[in-house]
Amino acid sequence: MLLLLLLLLLLLLRGVPGKHEPSQDDTASLCPASPAVLTVIRAAILIQNWYRFTMARIEMRRRYSLSIFRSIEYADEQDQLQLSMFFTFMLDHCTNPDSVSPTSPSVPQGVDECLSLTEFEEKIDVPDSYCGPRLSFPLTVGDANALINAFRNKEQLHARYVLQLLCETRRVLKLMPNISRLSTSYSKDITICGDLHGNLDDLLLIFYKLSVVKMPLNQGYPGVTRMRYQNPFGGKDIIDDIVKESYMFKARYGFTKEVSRKYKIVDILWSDPRSQKGCTPNKCRGVGCYFGPDVTSRLFKRYKLKMLIRSHEFKREGYEISHGRKVITIFSASNYYEEGSNRGAYIKLGPDLKPRFVQFQVSKHKHRLSLQERVGTIESSALKSLREMIYAHRSELISAFEQYDLNGSGCISVPDWAAAMESVLQLELPWRMLRSQLAQMNSDGEVDFMSCFYDLKVDQPIKEAEPALVETLCRYRKDLEIIFNIIDKDNSGLISLEEFSQTWKLFTSYLGIAAQDESLDKLVLSVDHNKDGHIDFSEFLEAFHVVHRLEKKANL
Amino acid sequence: MTGGAQGCAKVEQQQSNNGIVAEIEKKITEAFEVFDRESNKTVDARDIGYIVRSLGCFPSEAELHELLAKVEEEEEESTGFIHLEKFLPVMTKVLLNRSYWPIPEDVLLHAFEALDQNKCGYITKEDLVKYLTEEGEPFTQEEMEDMLAAALDPETNTLRYRDYLSKLVVDETKILPFNV
């Protein structure tokens with residue numbers, strides 16, 4: 001009670017400079033008869049103060065969640081560039097040339113070696129049992145409708161049509177120059193969109209808002225209907241845009257390789273505008289640079305440009321204006337990292353060159369979530385990705401921790417823990433702030449470092465597997481799935497044990513890690529359930545999906 | 001204690017103090033860098049409130065302005081951006097001196113009770129809006145709307161403050177990272 005009085009006195013004596021002169025009320029409450037005698041003003045201030053504190057914490061959590069997403073995404077991007085280099089390595093060093101034949105349609109080809117549309121038709125059969133959209137080329141409006149309809153209903157497109165679409169896209173793009181010049185009639189607006197990252201819902205929302213699509217999103221789609229197409233891009237066929245946006249990312253590997261080999265324009269495509277002058281290396285991405293307003297000015301002067309509109313960077317509001325309104329970043333994929341992470345936007349530009357921004361956000365929920373709920377969702381999703389990454393680097397992390405653990409107690413100081421995490425994962429994250437979500441502390445204020453791995457495990461514990469092997473398979477699970485899909489020339493989902501072993505050897509030698517042949521052989525044999533010398537690689541890799549213990553409990 | 005031993009003790013204390021200061025500086029830098037959007041050791045001055053509060057402090061708006069003024073004093077020109085090297089010494093002192101002490105939960109409860117004139121365990125929406133947008137350091141419209149969305153019981157349109165408090169405290173104890 002006395003303590004409370006003292007605290008109250010302290011608070012009251014701190015005062016609120018500038019806001020209220022010491023008044024009758026304030027002086028009276030300096031000697032409270034009981035702690036309940038708080039003036040309304042004092043009470044309001046306390047509540048407002050506490051509330052702003054709570055909101056600041058929520059904002060911090062939101063920001064560091066986005067940092068986590070972005071750091072992991074950029075690390076992933078770098079991995080994927082590595083992966084495309086591995087494809088080259090693989091083709092050069094393949095020990096089993098028959099399984100990776102140059103005529104196999106699933107291997108990334110050089111530009112001129114693709115099969116034609118008719119060859120795809122001859123080689124790949126679409127069974128009668130397939131009930132998804134059937135496409136004919138050149139594509140018609142009806143085909144585009146059917147595609148949109150199918151994807152809205154979460155149907156799958158047959159592999160042959162995917163390949164044919166990719167082939168057609170390449171043909172169309174080859175006919176176009178690297179830089180397209182567009183023009184539109186003087187009085188019309190143009191609409192400019194940014195990255196969609198394959199978000200069909202966002203694309204349809206944009207089309208609806210532009211009156212390209214008649215049907216509002218929430219209505220049922222009663223079969224294929226005629227859509228009225230306008231040409232907001234003045235001269236370009238809308239269908240090409242749909243094809244490009246929905247499927248382009250699947251062709252990324254070949255594209256990236258092509259681009260970086262031929263044109264050296266990685267710098268141009270991967271750079272971000274910043275307020276600092278000049279060009280500095282882009283530390284976040286590891287490629288490209290940050291360019292300042294002076295660089296923009298010089299560029300504009302040289303090429304007589306009036307505005308630079310670009311995408312490629314996540315923006316919470318869907319857009320951002322920089323360099324004195326000369327550079328605009330537009331990002332059209334709403335909820336990019338997670339439900340509620342950001343809005344998408346597009347630009348309407350008239351001949352006056354004054355941009356008008358339209359923002360949007362697709363949402364699954366009927367009611368508006370509170371800020372706390374939204375941030376809670378984003379945060380758990382970000383932490384989940386981070387924990388998976390932690391699991392995938394388990395042995396490296398343990399040896400880094402052990403270097404600090406001189407007395408073998410299993411506990412190290414917080415600064416040492418943070419240093420170890422950063423040295424292994426290199427994500428530049430606020431580790432001290434995240435510590436309470438990632439590891440437990442003992443009563444001495446030290447981190448029990450093995451607790452980082454408590455809640456994580458691999459789905460089906462495979463007794464035959466060495467932990468180090470399991471960890472490697474976890475980390476490269478996605479890459480391996482891509483590689484195996486390419487090797488699987490008949491799209492059966494199966495590859496032979498021989499193919500599996502050889503690919504694995506190649507992959508590990510490329511990465512410079514120990515192949516662990518014996519343990520892998522044992523593991524693979526245990527997965528070949530029907531002992532026919534083939535494994536279902538999807539099933540195999542699925543076993544290395546990291547599962548979070550709490551998630552498992554929720555699903556029980 | 002002999003002079004030598006006293007000297008050693010002093011050095012140890014010094015080292016441990018340096019250790020504490022170094023650790024505080026690391027924490028401040030971490031919080032700062034979350035808001036450093038261009039990775040160039042600057043943040044928008046408007047984000048200072050988020051950073052200071054995330055470090056466990058409870059400054060009032062007026063105190064925040066004072067702090068900002070102190071930091072901006074050091075800046076050569078007022079650009080609306082704050083440099084880490086200017087912010088760090090000021091904030092380190094704040095954390096070492098334990099300025100802007102947290103408001104204990106029971107004091108907060110008394111604050112709500114003071115607004116609950118009839119002592120019925122809740123505050124009406126109208127009263128809440130009146131007090132918080134007109135008294136003290138008034139809420140902006142956005143702040144008021146956000147609080148109502150999170151705190152108001154939609155059926156009765158009142159704030160049952162005991163429930164609200166217990167919810168807040170649970171959330172906070174989960175994630176308060178900085179115990180300086």
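Condition test on A:Leu371, is it closer than 30 Å to A:Leu196 by Cα, touching a helix residue (DSSP H, G or I) at 6+ places or on another chain (Cβ under 7 Å) and at pLDDT below 85? Judged against the criteria, A:Leu371 is a match.
Rundown of residues vs (1) farther than 30 Å from A:Leu511 by Cβ; (2) open to solvent by less than 20 Å² (accessible area, probe 1.4 Å); (3) β-branched (Val, Ile, Thr); (4) at pLDDT 70 or above, yes/no style:
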| residue | (1), (2), (3), (4) |
| --- | --- |
| A:Arg70 | no, no, no, yes |
| A:Asp98 | no, no, no, no |
| A:Ser101 | no, no, no, no |
| A:Asp112 | yes, no, no, no |
| A:Gly142 | yes, no, no, yes |
| A:Asn145 | yes, yes, no, yes |
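For B:Leu67, the conditions (1) open to solvent by less than 20 Å² (accessible area, probe 1.4 Å); (2) at the interface with chain A (Cβ under 10 Å from one of its Cβ atoms); (3) in a helix (DSSP H, G or I) all hold with the exception of (2).
I'd like to check something: does the stretch B:129-136 contain any residue that is closer than 20 Å to A:Arg42 by Cβ and more than 11 Å from every other protein chain (Cβ to nearest Cβ)? Yes - at least one qualifying residue is present in the stretch B:129-136. The set of residues in the stretch A:299-341 being open to solvent by 40 Å² or more (accessible area, probe 1.4 Å) and among the acidic types (Asp, Glu) consists of A:Glu317, A:Glu320, A:Glu338. Consider the stretch B:107-140 and keep the residues that are of a type in the set (A, V, I, L, M), surrounded by 20 or more Cβ atoms within 10 Å (Cβ to Cβ) and without any contact (Cβ under 8 Å) to a residue 40 or more places away in the chain. The one that is nearest to B:Arg160 (Cα to Cα) is B:Ile123.
The residue list B:Glu33, B:Glu85, B:Glu76 contains one member that is modelled with pLDDT of 90 or more, open to solvent by 50 Å² or more (accessible area, probe 1.4 Å) and away from chain A (no Cβ under 13 Å), which is B:Glu85. Restricting attention to the stretch A:415-431 and to residues that are facing another protein chain (nearest Cβ under 8 Å) and either over 19 Å from A:Gln403 (Cβ atoms) or aromatic (Phe, Trp, Tyr) (or both), the residue that is nearest to the chain's Cα centre (by Cα) turns out to be A:Glu428. The condition of being at pLDDT below 95 and within 14 Å of chain B (Cβ to nearest Cβ) holds for only one of A:Glu388, A:Glu379, A:Glu396, that being A:Glu379.
Taking the stretch B:130-172 as the range and being touching a helix residue (DSSP H, G or I) at 6+ places or on another chain (Cβ under 7 Å), among the β-branched types (Val, Ile, Thr) and in a helix (DSSP H, G or I) as the test, the residues that pass are B:Thr133, B:Val169.
Each residue in the stretch B:36-64 was checked for being assigned to a helix (DSSP H, G or I) and open to solvent by less than 40 Å² (accessible area, probe 1.4 Å), and 11 pass. Residues that are out of contact with any strand residue (DSSP E or B) (no Cβ under 7 Å at 6 or more places or on another chain) and part of a loop (DSSP other than H, G, I, E, B) within the stretch B:91-129 comprise B:Arg98, B:Ser99, B:Tyr100, B:Trp101, B:Pro102, B:Ile103, B:Pro104, B:Gln117, B:Asn118, B:Lys119, B:Cys120, B:Gly121, listed in sequence order. With respect to A:Ser271, is the statement that it is surrounded by 15 or more Cβ atoms within 10 Å (Cβ to Cβ) and touching a residue at least 40 places away in the same chain (Cβ under 8 Å) true? No: the conditions fail for A:Ser271.
Quick check: is even one residue across the stretch A:354-368 open to solvent by less than 70 Å² (accessible area, probe 1.4 Å), part of a strand (DSSP E or B) and basic (Lys, Arg)? So far as the stretch A:354-368 goes, no, none of its residues is open to solvent by less than 70 Å² (accessible area, probe 1.4 Å), part of a strand (DSSP E or B) and basic (Lys, Arg). Condition (residue is within 19 Å of A:Phe357 (Cβ to Cβ), charged (D, E, K, R) and assigned to a helix (DSSP H, G or I)) applied to the stretch A:169-187: is it met by at least one residue? Within the stretch A:169-187 (the criterion being within 19 Å of A:Phe357 (Cβ to Cβ), charged (D, E, K, R) and assigned to a helix (DSSP H, G or I)), the answer is no, since none of the residues qualifies.
The values are calculated or read from the model by the stated rules, or taken from the named source; none is laboratory data. Bear in mind that the values here come from a model prediction, so they are computed numbers and not experimental data. Cβ: placed from backbone, ideal geometry, glycine included. Neighbour counts: every protein chain shown. Calculation scope for accessible area: heavy atoms of the full protein, side chains included, ligands and nucleic acids excluded. Shrake-Rupley method; radii C 1.70, N 1.55, O 1.52, S 1.80 Å.
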